[in-house]
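The values are calculated or read from the model by the stated rules, or taken from the named source; none is laboratory data. Owing to the predicted nature of the structure, the values given are computational and were not obtained by experimental measurement. Neighbour counts run over all protein chains shown; Cβ positions are idealised from the backbone, glycine included. Ligands, DNA and RNA are stripped out before the accessible areas are found, and what is left, the full protein with its side chains, is counted by its heavy atoms. Shrake-Rupley method; radii C 1.70, N 1.55, O 1.52, S 1.80 Å.
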Amino acid sequence: MPAIVGAVQINSIGSGGVFHIGDVFAISPYSVAKTFAGAGSFNTGDGLHIYNQYSNTNTNDRDIADSNIAGNA
């Protein structure tokens, strides 16, 4: 059933986001990301005590493309 939409303000939309007004059958946003981080990088909380004597993150990525999303729209 169609809806009446008033004024819309968009502040930002990320690269994997979708903005849609109206009827839709299916929306499937798709994005790919690769994250490199050392030991203790994603720890969250109160009062953490992290002891990393040696942390080494290998970022040598020899392949050309990891996950191609072209043509998947």
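At a probe radius of 1.4 angstrom, the accessible area of the chain per residue rounds to 98 square angstrom. Inverting the pair-averaged 1/r between distinct Cα atoms of the chain gives 17.8 Å as its Kirkwood hydrodynamic radius.
Mind giving me the FRET efficiency for Ile10 and Asp63? R0 is 35 Å, r the Cβ-Cβ distance, nearest 0.05 is fine. Result of the calculation: an efficiency of 0.45.
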